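Asker: Mind having a look at this structure? Questions to follow.
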Amino acid sequence: MKKRRFVRELVRIVGKDGVIADPVERRVYETDGLTVFQATPDVVVLPRTTEQVARIVQVCVREGVPFVARGAGTGLSGGALPLAGGVLIALNRMDRILEVDYPNLRAVVEPGVINARLSEALASRGYYYAPDPASQTACTIGGNVAENSGGPRTPKYGVTTHHVLGLEVVLPDGEVVLFGGKVPDVPGYDFVGLLVGSEGTLGIVTKVIVRILRKPEAVRTLMAVFETVEDASNAVSAIVARGIIPVAIEMMDNLSIQAVEKGVAAGYPLDAGAVLLIELDGPREEVEALVEPVLEVCRAWRVREVRVARDEEERLRLWRGRKAAFASMGQLSPDYYVQDAVIPRTRLPAIMKRIEELSRQYGLRVANVFHAGDGNLHPLILFDARRPGELQKAEALGAEILRACVEAGGSLTGEHGIGLEKRDYMPLMFRDEDLAAMQRVKRVFDPQGLLNPGKVFPRDYLPNPSLEPNPTPPSVDAILEHLSIPDRLIADLGHIIGPERVGGSLEAPQYSVDGQTPRLITWPRTVEEVSDILALACRHDLKVVPWGGGTMIGLGRPPLRVDLALDLSDLTGVVDYEPADMTASFRAGTTLQDAQALLAAHGQFIPLDPPGADRATLGGILATAASGPWRHRYGTPRDLVLALRVVHADGTVTRGGAKVVKNVAGYDMPKLYIGSLGTLGVIVEATFRVYPRPAFEATCLMAFDDVTAVQATVAGVLDAPLVPTTVELLNPTAMRAVAGSVGLPWPDGRYGLAVAFGSPCAPAVAAQVERTRAIGRSAGARSEADLKGELHDRFWQAVRDFPWDRGGVVLKVGVPIAEVGSTVTWAEEMAQGANLRLGIVGEAGVGILRLYVSADTDDPTGFLLKVVALIRSLRVRTLSSGGYVVVLAAPAELKTHVDTWGGVSDEVLRLMSRLKKAFDPYSILNPGRFVEGI
């Protein structure tokens, strides 16, 4: 297609003012914030709507023209450069805040919205958007999504992926798809988690559904002045080791201080070896109580001076210096090259020494400005591009720094992304098998390779064909072997793990899944044994059900076939654990209870509390994305896992993520496996971010006559500057059961609302409990009780392990927060009309309910039909608000009458099916059990 005709077609889509074809004007788009790379697009288009983006993409695909999306151009990896020419789709004009929904703590924005503008729009109501990259006054939320941007607030509030609920995306074929939605935990593969941080290589985001947060009650900012970088680095590790999680801990060395003071005069002492900016936020009592422990740590590491900002003006002045650090480098050097890498926090002193050595070796000054709280380094290499060879020397020095960080157990990038700059360094961090798995994802989304080509993967990267799933289908004999397992197959398994670790008909009944019993059971003890077993199963077409503690085996459709149960309960133990880094790696068969016992010795824990935590394995929890009341404050497995090791259906072992708290190198593969029910691979090892266990905990338990008052109290708690650990609703049936199991008196007919708090400081807990009690009283609470100590712990264990009728049905319902009360009322009325007993327990602060349904009669068939009717009616009711109903546990017969998952859109299903085929082409793993029979 000739260029003129191509451009005319683009003009018809977006109008004449939306197309830039002039060579001079196009040069504006030839680089991003990393100016060492340039690539000029053949044409630039500026759409205003999703429909226009889709039509542009369709034209490009039809003509075989590459295309790339761009936000504000503030990126620092060359990620949005059109390396192959073609069309650059600039999304700046899609800059509307479409919806702000305070009751449901969410907003919907277009990708061109400036990051800081969203918080400005929310400020009048006391809310804000947490991710805060240094360029937040210029960068766009769409660009933040592409890079999974973080910022100074990461240690406490996480990065972009922790704040995105849903994405509207134009796929590389021009199809428009909604991933996720306005409620959490939408069934299916976590494509939202995968797309965030994929650097615009899998789709073009046209709408973002984000979480918004209430502004904290108090903020204190400290500047600590040290004589040496080493002392400052040790202070950072010591603060974290004390169980204190500041909002931010930022470090600048002397060279950076010199630049900042020349540029913006922030008031940093020019003779300091290093300064730390430490910010605390939260309930006023907690913030005030934590200032002194932070000062104690700083004194222990020879702090020279500590300034505490007296007011907001002084606080902003201190931060102005940090935010202006990159731009101020022009005061010291005509050019600088910024790097971005991550290390475990405990390696800070060693890495800073190594950077100093490299600086001397290369004869180039290096200024260090970085997010010390999460180990995210930003060395700024100063050079003069006018001097021949100096740019190349700076790039070589940057490469050495990256290598040192990866060798220290870190990552190539914490927030800038791989893009063009670091693509050739990916093999430092990932093996061929890991890259091949990412490449399969790329081909699923973009089979023609037209979207943002040349990024993320090494130059001219082609996967080793031997690392792809076996293209040769199993032989007819292999396919028929499942009908009667031959002795030689049993012998082969015995050679892998020992004959005593292969079971058959004697053990099989306890591994039955919805009435289907496996022929073989295996108990591997190592990752290598799991790999060999799956490779053997793949060759012989044995259908495999991975098995952990069996606590969530009721989740999912009935399997199409079960030949072999892969019991991972002997794949146990800690792989590595460094308390000061707040990361821990465990083998997948380790129970959550055992992991917590190890961490408790250091005052830490994994904040996961699913049902059956004493038996649930970490691998099973991740495969099912199981969670509990703690999710209100800490999130779900997707928010806590940093890295995974996975065995695929053909036995290939891959790794994804990194063992550091911040990492955006490559695709976020762990998100795909978490919640996938083992259909893409078997999780064999997981690295978690761990947290300090609060020293003080208490629960405000309130009784209400009706659920409307409960809903009003929930709304009041969420709209107040409180930091609850849990916000749990229990209907009268559930409340009586829980109260009875722990010896609490409870009046008939009253709803319960339990709001728990945890803090390193007792006054903060007491103050928040009292404020919650006042909110409840104003909404009509009939009584309140404070639960502490053993009673507090027993109550929450009873909530998690709700005493339900094992012959009944458990449903998970996701609805907007503001619809929790009306959904409870509606479900109770339906159950009462059908003579069903209904206990409801749910995380009212996030919009998740669990319905425990049992029969009032001895008619099992009638009971199941009533529950089927309840499920279908609930789905109709929740669908209009983006909700869903999933069957967590039920008799096998019920699953023949109703889909356990509830379905997904046709567009999402097509992608899910392609992904399953790419990773497990012969449906070896859990066949038929996931969404839509995947």
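Asker: Out of region 886-898, which residues are within 11 Å of residue 809 (Cβ to Cβ) and either of a type in the set (Val, Ile, Thr) or assigned by the TED database to the domain that holds residue 516 (or both)?
Answerer: 887, 898 - these are the residues of region 886-898 that are within 11 Å of residue 809 (Cβ to Cβ) and either of a type in the set (Val, Ile, Thr) or assigned by the TED database to the domain that holds residue 516 (or both).
Asker: State all residues of region 899-919 that are of a type outside the set (A, V, I, L, M, F, W, C) and under 26 Å from residue 874 (Cα atoms); if no residue qualifies, say none.
Answerer: 899, 900, 902, 903, 905, 906, 907, 910 - these are the residues of region 899-919 that are of a type outside the set (A, V, I, L, M, F, W, C) and under 26 Å from residue 874 (Cα atoms).
Asker: Restricting to region 890-925, name every residue that is in contact with a helix residue (DSSP H, G or I) (Cβ under 9 Å, 6 or more places away or on another chain), among the hydroxyl-bearing types (Ser, Thr, Tyr) and not in a helix (DSSP H, G or I).
Answerer: 900, 922, 923, listed by residue number.
Yes or no, residue by residue, for (1) open to solvent by less than 40 Å² (accessible area, probe 1.4 Å); (2) over 26 Å from residue 567 (Cβ atoms); (3) at pLDDT 95 or above:
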{"position": "871", "(1), (2), (3)": "yes, yes, yes"}
{"position": "878", "(1), (2), (3)": "yes, yes, yes"}
{"position": "888", "(1), (2), (3)": "yes, no, yes"}
{"position": "901", "(1), (2), (3)": "yes, no, yes"}
{"position": "908", "(1), (2), (3)": "yes, yes, yes"}
{"position": "918", "(1), (2), (3)": "yes, yes, yes"}
{"position": "921", "(1), (2), (3)": "no, no, yes"}
{"position": "931", "(1), (2), (3)": "yes, no, yes"}
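Asker: Would you pick out the residues in region 334-363 that are assigned to a loop (DSSP other than H, G, I, E, B), open to solvent by less than 10 Å² (accessible area, probe 1.4 Å) and either in the same structural domain as residue 239 (by the TED database) or not charged (D, E, K, R) (or both)?
Answerer: Taking region 334-363 first, the residues assigned to a loop (DSSP other than H, G, I, E, B) are 334, 339-340, 343-344, 363.
With open to solvent by less than 10 Å² (accessible area, probe 1.4 Å) added as a condition, the list becomes 339-340, 343.
Matches in region 334-363: 339, 343.
Asker: Output yes when any residue across region 249-262 is assigned to a loop (DSSP other than H, G, I, E, B) and in contact with a strand residue (DSSP E or B) (Cβ under 9 Å, 6 or more places away or on another chain), and no when none is.
Answerer: no
Asker: Another one. For residues that are within 17 Å of residue 349 (Cα to Cα) and either within 25 Å of the chain's Cα centre (by Cα) or open to solvent by 10 Å² or more (accessible area, probe 1.4 Å) (or both), tally how many sit in region 256-282.
Answerer: Here the count works out to 1.
A quick yes/no check of all residues on (1) over 24 Å from residue 724 (Cβ atoms); (2) of a type in the set (Phe, Trp, Tyr); (3) crowded, with 23+ Cβ neighbours inside 10 Å:
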residue: 170; (1), (2), (3): yes, no, yes
residue: 173; (1), (2), (3): yes, no, no
residue: 178; (1), (2), (3): yes, no, no
residue: 185; (1), (2), (3): no, no, no
residue: 211; (1), (2), (3): no, no, no
residue: 216; (1), (2), (3): no, no, no
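Asker: When you check residue 14 against the structure, is it assigned by the TED database to the domain that holds residue 177, over 28 Å from residue 76 (Cβ atoms) and crowded, with 16+ Cβ neighbours inside 10 Å, yes or no? Outline the logic, then answer.
Answerer: Working: assigned by the TED database to the domain that holds residue 177: yes; over 28 Å from residue 76 (Cβ atoms): yes; crowded, with 16+ Cβ neighbours inside 10 Å: yes.
Yes, satisfied.
Asker: A further question follows. Please identify the pairs in which a residue from region 664-679 that is in the same structural domain as residue 624 (by the TED database) has its Cβ atom under 6 Å from the Cβ atom of a residue that is modelled with pLDDT of 95 or more and polar (S, T, N, Q), counting only partners at least 6 apart or on another chain.
Answerer: 664/148; 664/413; 665/411; 665/413; 667/198; 677/926; 678/926; 679/926
Asker: May I pose another question? Out of 633, 689, 645, 655, report the one residue that is open to solvent by 10 Å² or more (accessible area, probe 1.4 Å), in contact with a helix residue (DSSP H, G or I) (Cβ under 9 Å, 6 or more places away or on another chain), among the charged types (D, E, K, R) and closer than 30 Å to residue 802 by Cα.
Answerer: 689
Asker: Further question on the same structure: Are any residues in region 17-39 surrounded by fewer than 19 Cβ atoms within 10 Å (Cβ to Cβ), farther than 27 Å from residue 339 by Cα and in contact with a strand residue (DSSP E or B) (Cβ under 8 Å, 6 or more places away or on another chain), and if so, which ones?
Answerer: Answer for region 17-39, where residues must be surrounded by fewer than 19 Cβ atoms within 10 Å (Cβ to Cβ), farther than 27 Å from residue 339 by Cα and in contact with a strand residue (DSSP E or B) (Cβ under 8 Å, 6 or more places away or on another chain): 18, 21, 25, 26.
Asker: Let me ask you something else. Select, from 553, 497, the only residue that is open to solvent by 40 Å² or more (accessible area, probe 1.4 Å), of a type in the set (A, V, I, L, M) and touching a residue at least 24 places away in the same chain (Cβ under 8 Å).
Answerer: Of the residues listed, the single one that is open to solvent by 40 Å² or more (accessible area, probe 1.4 Å), of a type in the set (A, V, I, L, M) and touching a residue at least 24 places away in the same chain (Cβ under 8 Å) is 553.
Asker: What about residue 682, is it modelled with pLDDT under 95, in contact with a strand residue (DSSP E or B) (Cβ under 7 Å, 6 or more places away or on another chain) and β-branched (Val, Ile, Thr)?
Answerer: Numbers: modelled with pLDDT under 95: no; in contact with a strand residue (DSSP E or B) (Cβ under 7 Å, 6 or more places away or on another chain): yes; β-branched (Val, Ile, Thr): yes.
No: the conditions fail for residue 682.
Asker: A further question on this structure: If a residue counts only when it is on the phi < 0 side of the Ramachandran plot and touching a Leu at 6+ places or on another chain (Cβ under 7 Å), which strands (runs of 3 or more DSSP E) contained entirely in region 526-642 have at least 3 such residues?
Answerer: Here the list reads 544-547, 583-587.
Asker: Could you tell me which numbered condition residue 861 fails, if it satisfies all but one of (1) touching a strand residue (DSSP E or B) at 6+ places or on another chain (Cβ under 7 Å); (2) modelled with pLDDT under 95; (3) surrounded by fewer than 19 Cβ atoms within 10 Å (Cβ to Cβ)?
Answerer: So the condition that residue 861 fails would be (1).
Asker: Another question, then. Return the residues of region 710-760 that are assigned to a helix (DSSP H, G or I) and touching an Asp or Glu at 6+ places or on another chain (Cβ under 8 Å); say none if nothing qualifies.
Answerer: 732, 736
Asker: Take region 283-302 and flag every residue that is surrounded by 19 or more Cβ atoms within 10 Å (Cβ to Cβ) and out of contact with any Asp or Glu (no Cβ under 7 Å at 6 or more places or on another chain).
Answerer: Correct list: 285, 286, 290, 294, 297, 298.
Asker: Hey, another quick one. Any residue at all in region 7-14 that's more than 25 Å from the chain's Cα centre (by Cα), assigned to a helix (DSSP H, G or I), among the aliphatic types (A, V, I, L, M) and closer than 20 Å to residue 144 by Cα? Explain how you work it out, then say what you get.
Answerer: The first filter runs over region 7-14 and keeps only residues more than 25 Å from the chain's Cα centre (by Cα), leaving 7-14.
Still in the list and also assigned to a helix (DSSP H, G or I): 7-14.
Next, only the ones that are among the aliphatic types (A, V, I, L, M) stay: 7, 10-11, 13-14.
Then keep just the ones that are closer than 20 Å to residue 144 by Cα; that gives none.
No, every residue in region 7-14 fails to be more than 25 Å from the chain's Cα centre (by Cα), assigned to a helix (DSSP H, G or I), among the aliphatic types (A, V, I, L, M) and closer than 20 Å to residue 144 by Cα.
Asker: Applying the selection to region 505-525, what residues are polar (S, T, N, Q), open to solvent by 50 Å² or more (accessible area, probe 1.4 Å), closer than 22 Å to residue 930 by Cβ and part of a loop (DSSP other than H, G, I, E, B)?
Answerer: If the condition is that a residue be polar (S, T, N, Q), open to solvent by 50 Å² or more (accessible area, probe 1.4 Å), closer than 22 Å to residue 930 by Cβ and part of a loop (DSSP other than H, G, I, E, B), then 517 is the only one that fits.
Asker: Continuing with this model, one more query. For residue 98, which of the numbered conditions (1) open to solvent by 10 Å² or more (accessible area, probe 1.4 Å); (2) in a strand (DSSP E or B); (3) touching a Leu at 6+ places or on another chain (Cβ under 6 Å) fails to hold?
Answerer: Answer for residue 98: the failing condition is (3).
Asker: Can you pull out every residue in region 738-762 that is in contact with a Phe, Trp or Tyr (Cβ under 9 Å, 6 or more places away or on another chain), open to solvent by 20 Å² or more (accessible area, probe 1.4 Å) and not hydroxyl-bearing (Ser, Thr, Tyr)?
Answerer: Selection gives 740, 744, 750, 760, 762.
Asker: Moving on. Give me the pairs: first residue in region 703-715 and open to solvent by less than 10 Å² (accessible area, probe 1.4 Å) and of a type outside the set (A, V, I, L, M, F, W, C), second residue part of a helix (DSSP H, G or I) and modelled with pLDDT of 95 or more, beta-carbon distance under 6 Å, and six or more apart or on different chains, which are they?
Answerer: Listed pairs, sorted by first residue: 713/775; 713/776; 713/779.
Asker: When the residues of region 40-85 are filtered to those that are assigned to a helix (DSSP H, G or I) and not aliphatic (A, V, I, L, M), which remaining residue is least open to solvent (accessible area, probe 1.4 Å)?
Answerer: If we take residues in region 40-85 being assigned to a helix (DSSP H, G or I) and not aliphatic (A, V, I, L, M), then 60 is least open to solvent (accessible area, probe 1.4 Å).
Asker: Just for region 115-168: of the residues that are of a type in the set (A, V, I, L, M) and open to solvent by 10 Å² or more (accessible area, probe 1.4 Å), which one is nearest to residue 104 (Cα to Cα)? Walk me through how you get there before you give the answer.
Answerer: At the first step, the residues of region 115-168 found to be of a type in the set (A, V, I, L, M) are 116, 118, 121-123, 130, 134, 138, 141, 145-146, 159, 164-165, 167.
Now narrow it down to the ones that are open to solvent by 10 Å² or more (accessible area, probe 1.4 Å): 116, 121, 123, 134, 138, 146, 159, 165.
Numbers: 116: 21, 121: 16, 123: 16, 134: 28, 138: 27, 146: 25, 159: 20, 165: 12 Å.
Here the answer is 165.
Asker: Being within 23 Å of residue 73 (Cα to Cα) and open to solvent by 30 Å² or more (accessible area, probe 1.4 Å) is the filter here; which residues of region 426-452 pass it?
Answerer: The answer is 449, and nothing else.
The values are calculated or read from the model by the stated rules, or taken from the named source; none is laboratory data. Predicted model only: the values in this text are computed from it and were never measured. All Cβ positions, even for glycine, are placed from backbone atoms using ideal geometry, and neighbour counts span all protein chains on display. All accessible areas refer to the heavy atoms of the entire protein, side chains included, with ligands and DNA or RNA removed. Shrake-Rupley method; radii C 1.70, N 1.55, O 1.52, S 1.80 Å.
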